[in-house]
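These notes are about the structure you will find just below.
The values are calculated or read from the model by the stated rules, or taken from the named source; none is laboratory data. Here the structure is a predicted model, which means the values were calculated and not measured. Note: ideal-geometry Cβ built from the backbone for every residue, glycine included; neighbour counts use all protein chains shown.
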Amino acid sequence: MRLQQGDVIKRPGPWGTNHVGLFGGTDFLGRGWVIHNAKDDCVKWEDLETFAAGSMVSLVRRAANAQEGFAVVSRAASLSGTKFDLINFNCEHFVTYALAGEAVSRQLRGVVVGFAILAGIGVLARTRVSA
């Protein structure tokens, strides 16, 4: 797979999640670079091998063209140093902001909805046992 500037890539993360980042390009030595929001750190550049952390990296979304790729990576780079926050600014928030200007995390939303459903089931079960 040949990555292009602005492509969204992912690797497996903890508990069935994915860690996402943006492919920034290749340097003169042929190394690929990724900009991502690193857990327990901040938005930063790392080489593709470090981003992969020993896992398989896959393509999530291809940049439509070179102009879009440049714009996405430029927007992402403007956030360099922004601290990771699981609830308000995780890796998925970072990538969706770079792509569309809106920070959204579908994975986090799914976890919150899942916990809400489990809590509701627990309340119903407790109510039925008491009755």
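Annotations for the structure displayed:
- Scan of the stretch 1-32 for residues that are in contact with an Asp or Glu (Cβ under 8 Å, 6 or more places away or on another chain) and assigned to a loop (DSSP other than H, G, I, E, B), ordered by number: Gly6, Arg31
- Restricting Val95, Val43 to residues that are at pLDDT 95 or above, over 20 Å from Gln4 (Cβ atoms) and β-branched (Val, Ile, Thr) narrows the list to Val43.
- When the stretch 1-26 is limited to residues that are at pLDDT 95 or above and farther than 21 Å from Gln67 by Cβ, the one that is surrounded by the fewest Cβ atoms within 10 Å (Cβ to Cβ) turns out to be Pro12.
- Within the stretch 66-83, the set of residues being surrounded by 14 or more Cβ atoms within 10 Å (Cβ to Cβ) and not hydroxyl-bearing (Ser, Thr, Tyr) comprises Glu68, Gly69, Phe70, Ala71, Val72, Val73, Arg75, Ala76, Ala77, Leu79.
- Residues considered: Ala63, Ala103, Ala52. Of these, the only one that is touching a strand residue (DSSP E or B) at 6+ places or on another chain (Cβ under 6 Å), surrounded by 13 or more Cβ atoms within 10 Å (Cβ to Cβ) and aliphatic (A, V, I, L, M) is Ala52.
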